[in-house]
1. Candidates (i) 69, 46, 37; (ii) 61, 57, 53; (iii) 80, 60, 39; which is the computed Cα extents along the principal axes in Å?
2. Among the listed pairs K60/K86; K2/K104; K86/K222; K342/K372, which have their C-alpha atoms separated by more than 23 angstrom in this model?
3. If you line up the long axis of helix 197-228 against the longest principal axis of the chain, both from Cα atoms, how many degrees apart are they, to the nearest 10?
4. Contact order normalised by length for segment 84-160, with contacts defined as Cα pairs under 8 Å and 6 or more residues apart; what percent is it?
5. Across all directions of projection, what mean area in square nanometres is found for the Cα convex hull of segment 224-384?
6. Non-local amide H neighbours of T193 (under 5 Å, H modeled in plane, Pro and chain starts lacking H): which ones?
7. Given the options L168, Y23, L189, identify the residue whose Cα lies farthest towards the positive end of the charge dipole of segment 3-195 (+1 on Cβ of Lys, Arg; -1 on Cβ of Asp, Glu).
8. Which aspartates and glutamates have a Cα less than 17 Å from the Cα of K227, not counting those fewer than 8 places away in the same chain?
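Every number here is computed from the coordinates shown, using simple stated rules; none is lab data. Nothing here was measured: the structure is a model prediction, and the numbers come from that model. Cβ sites come from the backbone with ideal geometry, for glycine too, and all protein chains shown count toward neighbours.
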Amino acid sequence: MKELSIIGGGFVGMNVAVLGAKYGLEVTVIDINPKIVGQINKGTPHIKERYILENWDKIKNKISATTDYSAIKNADYIVIAVQTLKNNDLDFTPLISVVNELTKYLQPYTLISSEVTIFPTGTEKLIVNPIKEKTGLQPDKELLVVHVPERLNPDDMVHNIETIPRILGGIGPNSTHQGFEFYAQTLKLHVTTVDDIRIAEAAKLLENAFRLINISFINELKQGFDKLGIDIRKVISAAATKPFGYMPFYPSPYAGGSCIPKDSLLLLKEINSQMLKYAIEINEKQPEYYAQKIIQIIRSQNAKKILFYGYGFKPNSKYAINSPILKIIHTLKNMSNYEIKKYDPQIPEYNDFVSEMEAIDWADLIFTWGNKPSTQKQTYSIEKL
């Protein structure tokens, strides 16, 4: 049985782990967090994503975890899936640390796939060159490296790691061939290869910068339409009846999550796009615009205790990274003296209350993000502001 080592036991890494185990690989997850390692080894999935939960009981015996990088000695394939976002800024320190550990144990002809979103030339600069310098392995000969940017969509009830097409670029034809065999034949994924690894790196940045530019454009239009008393959602719905040349995007208090802001910033640093720069500026100002609208509502209701019900990075999400609601709360606390607290049944570790009942009983006014609580108290949907 062939062995797959995955470096990083987070959202991406665990999806890859389950996929690999499902298709017959012996999987080892390497993570620096002993708590994550312990949970995996106890047979408990710490990432509560649909694809993982649906397959976990069938494959959990094929997945083990460790903090010890020497586990890669026997690996046929290595997938790097570490985060490069820290405190809302880019941070490649985790990737650099991973590469340093890899150089101690990497065996010739082991395929390395980086699913880490990175700048064009980044795979070569941060992975290939350091390994070559420290091990003497020759790129695209004994050292096989591909970049396959992850495209997962958290909380997606339709698409998952098996159904999302992938793009793959290698440091040379041998790497590309070995990478294609791994992803397309072993993991049974739909894979499109590109002839330059930088294309694969840049494509991921384009995908998310495209989204940010369009969302920011809609957000800017919303502010103008609000002044005119026009509901932009009705405008979008009307425009979406055109069957070609148009794609609907919707207003948001902030385009958050782990990918869109980070990837857009990463591309801006490589390509000095004025359009992208302006889109980022609009996105960063959105929480303040929504905070001002919320203050008007609070004053009209003469409320003092304000509850935000739901604060995932998108409505009904269980992930709070770069949450627009948390940004609104932070802005409101700087702008006003209202008592502001939060509760989300899916994110208990950050809640200000032990129970939903306690949260609702406390509040004078409730702003919802996604599902609404069962209450007779006045609620306002942030998506509809």
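1. Computed from the coordinates, Cα extents along the principal axes in Å corresponds to (i).
2. Long pairs (Cα-Cα over 23 Å): K60/K86; K86/K222.
3. Approximately 0 degrees, to the nearest ten.
4. Relative contact order for segment 84-160 comes out at 33 percent.
5. Average projection, Cα convex hull of segment 224-384: 11.5 nm².
6. L168
7. Y23
8. E288
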